[in-house]
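Inspection log for the structure reproduced underneath, given as structure tokens.
The values are calculated or read from the model by the stated rules, or taken from the named source; none is laboratory data. Small disclaimer: the values here were computed from a predicted structure and weren't measured. Don't worry about glycine lacking a Cβ; one is built from the backbone with ideal geometry, like all the others, and counts go over all protein chains shown. Accessible surface areas use protein heavy atoms only, side chains included; no ligands, DNA or RNA. Shrake-Rupley method; radii C 1.70, N 1.55, O 1.52, S 1.80 Å.
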Protein chains: 2
Amino acid sequence: MHPLEKMFRPRSVAVVGASGDPEKLGGRTLLHLKELGYQGRIYPINVSAKEVQGLPAWRSVADLPETPDCALILLPAPLVAQAIEDCAARGVKFAQVLSSGFAEEGGEGVAMQARLGEQARAHGIRLTGPNCLGSISPPDGFFGTFSSLLATAKPPPGSVGVATQSGAYGSHIYAVAGFRGIGISRAIATGNEVDIDVAEAIDYLADDPGTRVICASLEGCGNGDGLRRALLKAAALRKPVIIMKVGSSEVGAAAAATHTGSLAGEDRVIDTVFRECGALRVSSIEEMLDVAYLCAIAPLPPLVSAGIVSVSGGIGVLMADACIEAGLSVPALSVDALDAIRAVQPMAGGRNPIDTTAQLAGRLHVIETISQSMMGGADLGALFFYLAHLGRDMTRFPKVEGAFLALRRRQPDRTVVAVMTHIDEVRQQLEAMGVPVFEDPTRAVRAVAGAARLRRLQAEAEPVPGIATAAPLGMTVANEAQAKALLAAAGVSVLPEEACAGAEAAVAAADRLGYPVVMKILSDDIPHKTEVGGVMLNVADGTAVRAAFATLTERAGIARPDARLDGVLVAPMARGGVETIIGTLTDPVFGPMVMFGLGGVAVELFRDVAFASAPLTPQRAEALIDASRGAALLKGWRGGPALDRAALVEALCALSRFAAAHADEIDSVEVNPFLVRETGACALDALVAFRAED
Amino acid sequence: MHPLEKMFRPRSVAVVGASGDPEKLGGRTLLHLKELGYQGRIYPINVSAKEVQGLPAWRSVADLPETPDCALILLPAPLVAQAIEDCAARGVKFAQVLSSGFAEEGGEGVAMQARLGEQARAHGIRLTGPNCLGSISPPDGFFGTFSSLLATAKPPPGSVGVATQSGAYGSHIYAVAGFRGIGISRAIATGNEVDIDVAEAIDYLADDPGTRVICASLEGCGNGDGLRRALLKAAALRKPVIIMKVGSSEVGAAAAATHTGSLAGEDRVIDTVFRECGALRVSSIEEMLDVAYLCAIAPLPPLVSAGIVSVSGGIGVLMADACIEAGLSVPALSVDALDAIRAVQPMAGGRNPIDTTAQLAGRLHVIETISQSMMGGADLGALFFYLAHLGRDMTRFPKVEGAFLALRRRQPDRTVVAVMTHIDEVRQQLEAMGVPVFEDPTRAVRAVAGAARLRRLQAEAEPVPGIATAAPLGMTVANEAQAKALLAAAGVSVLPEEACAGAEAAVAAADRLGYPVVMKILSDDIPHKTEVGGVMLNVADGTAVRAAFATLTERAGIARPDARLDGVLVAPMARGGVETIIGTLTDPVFGPMVMFGLGGVAVELFRDVAFASAPLTPQRAEALIDASRGAALLKGWRGGPALDRAALVEALCALSRFAAAHADEIDSVEVNPFLVRETGACALDALVAFRAED
């Protein structure tokens, strides 16, 4: 049994602050427990009443005749501490504090919340909230919440679990799910998360046999390791996790920080962690429920490809476009398959999508032959049927129902989706066979594409390899030469170069390295050299080296009169190859991350940069490279030679190990450009930023 | 009265091929006319029966006692021609041929369709179809279609007009619209478009006073000018056009071509034409209906900015993210506005989105104060209210209803949207006030963003300027030097350079131009010089010029032994500035287009290229540049100097005039790179492709 089982599915519950007035939160919550089918024992707690809403009431949890599995606390904030003491006295192990007035109000609320957390830990009480909307378990008839939704609608029982930080967010999800006929297993809102957070709720739902699909939403995350572990557990169990993290825009992140006080974090880091841990990130509640609905009913597509059968040519084309846009291929069928289809439906056009014309409807054997031929005629992960208004027609629908059943039996691991306008009865019949039904063609395609992506992410999910913390570097700042020396020692290939304090030393270095050379001003205080005119390319001979030394020193002196200058770096001119950017950053929540992108303007202008958790394995480095569009340049561009991808992989792995082993010290590394050539690759510039002292 | 009025809204109609069997198409169509409220006169035409479905029947249209406004023809394809003759004999001016078996079947069907078109033109009959689903006008109770939808649902009357090529596509749109309570004015499916096409249907709907919003869908387009004119008319009348063009992906385009035999065209050209003509392109039916719903009820947002009031902090953040993603700004409110809000709602957090906490619900004066303060505290085109489940609660909703009414009265030109779970009754009450209601927060945001964009597009829409056809160039092929000479004559600045037949001429040219120079092989037969090693940069002196001449000639001879070589081009090395690509193409449907993108890998790797119809005005050239992300580089990158944007505008205008004036001769022009410098800009390379002889 999962340690949180009694929190999510209590067999007895105390309502602390129970009221006879259903307009009050403590009254409404008690009403929901009483009226919506809960079979467990309910203990209203009220300091003055002997009876509340017809149930015998107690003055304190401490007075109860048994230890309830869970206490729901709805008292004003200043009274919560005493209620927790009473719970401890009675041996209660789980409490949900629905009261507001804590950290979300700032000021004294922050301190009160911190004390609440300490108090619970001291007593060994696991706590949800404060400032949360409670939890529900519809299969148990348990609705431990004051959500206003329940006045008019009760979410039906089912297999979708919901874990959100925000209460209204969660109730919106399970409300809309219910309207669509998607049943809920458990839902919890974690509120201010002084103890239990969304990550731990996901961990519970991953283990919960009543939950088949998990929907989660975060506004912030304080425990990166816990979230990674929970997501990886669900992925290993092949339980789909569909997740949202709001605050992806700057204005949204600022609002989320105000709202919850949570760390926002770099959005692309969150994105990376979700992906690496096998969870599908979505950006709207509707998209979340579309994928959840599909996953709750049908197998996830084993291949990222789809077949389309449509009674309308136009809708078939629309769906093909949507597939390509969403990342599903639409492979042409074999000639044999097409011949078999045309034998039963001579009018059928196309090679996939198949346009059956409106004559398909109602002809069972035609649908059977077409679906069989499509599945045999290409490797398809999913098959869509667009059937116009057949789903509203109970005289014609039963004639084709059997074709769907036969298809599901023959292809139990493929996803079969019906798209049509429909009535509930038809939808439910198809759902019972494992065939999800959508009204909108594009939403159907996006849901299948999401599920296919989710399945691939689950299969690829793996923990970030561990790495021992390295001996401290003993530095807090590094100029370019020192940064490159650190990287070279870590195994990142660096262009040979020499730091020269004076002009004559620079000439001697250039003579050794070979002309032409590049010369760069060297100073801890000038991290961005080009902005001060601190780089000179193609310096051709000794005379030019002397002149360049003088020019660089003069420019730096004018632009940054306070900067301490360490001379210049002299390096041979590197030609050919492709300039990339490799780097790392240490995320406050998720730790060291490594990034890759194309050099030049690609990162800034097109945001073409990919992230991965550090350290990398060679395989994960390959995936990181492929996640950037710049990867195409490495294969040989416009007939040019292929570049040394292996050298890039080696450098990324070395850099990622360096960043991970020194995560306590190093804030970020930027190697820009990192030149990948036909043979070999090397850093041309490097910047290492150390973490500020605490 | 629009010339097509009687086609869309006939007062009398003949059903040619009317049947007593409602399973047959001619029976079902007659049934729809009889049973769904049509007040006009219905004339069944049947060769053998005296009576069909209880109505007196005629043998032929020619025998009718009056000339019907429109004939619906549902006969087998080979019998249609005689029916048209009969219509002509009776003076019928409009016919809709719902019969299939024409061009969509290939073979003889193609010829039969062509004959049908000629026949109708000869008789002055305007014709919809063949192979179409007919048309409906719900406010008139007119349903001249055999759509199977009507067996179970009748689209309600309203103000949204629908014009599609595909019948099933159209019936899907009006079916789903009806389920959502969106009423339809007229809907027509144009089928094989032997005469009337979607463009002409849009033209009708633009004039139709019963239509407030137009939804249209194309699979192909044969009449670019007609489509431009219709869209511009609607934009000038400020009637929103929301349009889809399927076949945007390669596989979709191939399927569309198979399906309709229509020209697919370059998708980005279609995109450009829609935008320039003030229509909003969408990619799903749901998105189309979301925007149409909003536009049918509310004013379009006059500014591309939004305020968000949410009873849930999390949903507020979600909506802020969605706004930014969709292109709506979310400006922070003024301090005064925030003070006013906190005076009535001390708990309210944020600066926009405003998190009111759940305590907002039901408090009329709070909602009034907040909305008033928001509208006064920033320039907002739209205001969103997220109200959780208030829309399901008829005890609480009436308490806030007045606040919406007051807001609409005070801000009649702003868009106010309610987002909540809701029952139909609440939705309809808000709709009656001009407040659209959405369940999903993200869809609400996207609909408002679409409407805001649509309003801007309408305001900016203008016809492409006309230009006289120029005297023919008298060429069918041009090498690089000739191409540059053409462009220079057209007013596009070109780097000074010389074509040299021999090595000594090249040395003399280099001496004149100044070293270092660039040398390029010159041949009509080698359009892509770099692929054969045909370009040498940084040629330093006379000796090097001689050697380079020999090398280039040798390489070209090896790579393309058959190529006719015209010597080499010698030009000074151009340094500095930003490399862009400018070009033109002549679209078979929409004529000459001009394109702009960043040079290097941006176009191919990131598809960062923008199109506009040619010729350009300077203002439209500016917009074209700004539509590319590369525009950022022109402003001065990383502290570098701003580049000569005026010179780029001049070149784009000149190039666009050249392409438009020679559209009959020239297929495409590619100037890559076109170098934009601190002062001036010039073509470094150019390729002019002529149209193949017909």
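Remark: label point of B:H528 defined 7 Å out from Cα along the Cα-Cβ vector; separations to the same position in other copies 3.7 nm, ascending.
Counting every pair of alpha carbons in region A:1-146, the share spaced more than 22 Å apart comes to 32 percent.
Taking 0.36 nm per residue of separation and subtracting the current Cα-Cα distance, fully stretching the chain between B:V47 and B:M1 would add 13.1 nm. Taking 7 Å steps out from each Cα toward its Cβ at B:N538 and B:D626 produces label points 4.0 nm apart.
May I ask you to report, in nm to one decimal and beginning with the shortest, the distances from B:A692 to the same position in the other copies, taking label points 7 Å along Cα-to-Cβ? Values, ascending and in nm: 6.6. Where both residues lie in the protein assembly as shown, what percent of DSSP beta bridges are antiparallel, nearest 5? DSSP beta bridges in the protein assembly as shown are roughly 50 percent antiparallel. Taking Cα atoms only, the orientation of helix A:198-207 departs from the longest principal axis of chain A by about 60 degrees. In nanometers and ordered shortest first, the copy-to-copy spacing of the A:R41 label point, defined 7 Å from Cα toward Cβ, is 8.4.
Compactness check for chain A: Cα Rg over 2.2 N^0.38 Å is 1.18. Please report, as a whole percent, how much of the solvent-accessible surface of region A:1-146 comes from carbon and sulfur atoms (probe radius 1.4 Å). Carbon-and-sulfur percentage of accessible area, whole number: 52. Computed FRET efficiency, Cβ-Cβ of B:K399 and A:R342, R0 60 Å: what is it to the nearest 0.05? Step by step, r from the Cβ atoms, then E = 0.40. At a threshold of 20 Å², the residues of region A:577-618 that become less accessible to a 1.4 Å probe in the full protein assembly than in their chain on its own are A:L598, A:V601, A:E604, A:L605, A:F606. Each part gets one Cα centre, and for region B:619-657 versus region B:169-187 those centres are 44 Å apart.
Per-residue 3J(HN,Hα) values for region A:504-518, derived from phi via the Karplus relation 6.51 cos²θ - 1.76 cosθ + 1.60 with θ = phi - 60°, read 5, 4, 5, 4, 4, 5, 4, 4, 5, 6, x, 8, x, 10, 10 Hz in sequence order (x marks Gly and Pro). Averaging Cα coordinates gives a centre for region B:390-469 and one for region A:404-478; these two points are 33 Å apart. Surface burial for A against B, with a 1.4 Å probe and both sides summed, reaches about 5700 Å² of accessible area. The rotation axis that maps chain A onto chain B passes nearest to the beta carbon of this chain A residue, listed with its distance in whole angstrom: A:F606, 2. Under a 5 Å amide H cut-off, with hydrogens placed 1.01 Å from N, A:D667 pairs with A:A689, A:F690, A:R691 among residues at least 5 apart or on other chains.
Computed over protein heavy atoms with a 1.4 Å probe, the accessible surface of chain B works out to 37 Å² per residue.
Scan region A:48-108 for trypsin sites (Lys or Arg not before Pro) in coil per DSSP, keeping those whose Cβ has at most 16 other Cβ atoms within 10 Å, and list them by number. Filter output for region A:48-108: A:K50, A:R59. Taking accessible area as the heavy-atom solvent-accessible surface of the protein chains with a 1.4 Å probe, which residues of region B:125-154 lose no less than 40 Å² upon going from the isolated chain to the full protein assembly? Residues losing area: B:S148, B:T152. Could you check how much of the accessible area of region A:336-395 is carbon and sulfur, as a whole percent, using a 1.4 Å probe? On region A:336-395, the fraction of accessible area on carbon and sulfur atoms equals 51 percent. Computing Rg and the Kirkwood Rh from the Cα coordinates of region A:1-40 gives a ratio, Rg/Rh, of 1.06. Going by the alpha-carbon gyration tensor, a ≥ b ≥ c the square roots of its eigenvalues, is the protein assembly as shown rounded (a/c under 1.5) or, if a/c is not under 1.5, prolate (a/b greater than b/c) versus oblate? Judged from the Cα gyration tensor, the protein assembly as shown comes out oblate (a/c at least 1.5, b/c at or above a/b).
Within region A:487-586, list the trypsin sites (Lys or Arg not before Pro) lying in a DSSP loop whose Cβ has at most 14 other Cβ atoms in a 10 Å radius. Those that pass, being in a loop and sparsely packed, are A:R564, A:R575.
Figure legend: label point modelled 7 angstrom from the Cα of A:A646 along Cα→Cβ; residues of region A:654-692 with amide N under 17 Å from it are A:654, A:676-682.
Normalised by residue count, region A:578-690 yields a Cα convex hull volume of 90 Å³ per residue. Using Cα-only point scatterers and the Debye equation, what is log10 of I(q)/I(0) for region B:494-638 at each q in 0.21 Å⁻¹, rounded to two decimals? Listed by q, the Debye log ratios stand at -1.12.
Accessible area drop of at least 40 Å² (1.4 Å probe, protein heavy atoms): which residues of region B:216-249 qualify, relative to the chain alone? When all protein chains are present, B:V246, B:S249 each give up 40 Å² or more of accessible surface.
Near the amide H of A:F438, within less than 5 Å, lie the amide hydrogens of A:A418, A:V419, A:M420, all on another chain or at least 5 residues away, with H placed in the peptide plane. Determine how many Å³ per residue the convex hull of the Cα atoms of region A:496-572 encloses. Per-residue hull volume (Cα only) is 69 Å³.
Computed from Cα atoms, the angle from the helix B:167-179 axis to the main principal axis of chain B rounds to 60 degrees. The convex hull around the C-alpha trace of region A:192-253, projected and averaged over every direction, spans 4.5 square nanometres. Each stretch of four or more DSSP H residues adds -39500 (n - 2.57); spread over every residue of chain A, this sum gives -12000 deg cm²/dmol at 222 nm.
Put simply, the amide H of B:I581, placed in the peptide plane, has neighbours under 5 Å in B:G597, B:L598, B:G599, B:F674, leaving out anything fewer than 5 places away on its chain.
If I stretch the segment between A:A89 and A:Q428 completely, what's the gain in nm (0.36 nm per residue apart, minus their alpha carbon distance), one decimal? Taking 0.36 nm per residue and subtracting the Cα distance, the gain is 117.1 nm. Computed over the alpha-carbon pairs of region B:155-283, the distance histogram in 10 Å steps reads 14, 47, 33, 6 percent, short to long.
Straight-line reach from A:K399: taking Cα to Cα under 29 Å and skipping same-chain neighbours fewer than 8 places apart, the lysines in range are B:K24, B:K34, B:K154. Loop-located GluC sites (Glu not before Pro) across region B:1-72 with a Cβ neighbour count of 14 or fewer within 10 Å are B:E23, B:E66, with loop assigned by DSSP. If R0 is 25 Å, the Cβ-Cβ spacing of B:Q411 and A:K24 corresponds to a FRET efficiency of close to 0.10. Over region B:578-690, with every protein chain in place, what whole percent of the accessible area is carbon and sulfur at 1.4 Å, could you tell me? Carbon and sulfur together cover 50 percent of it.
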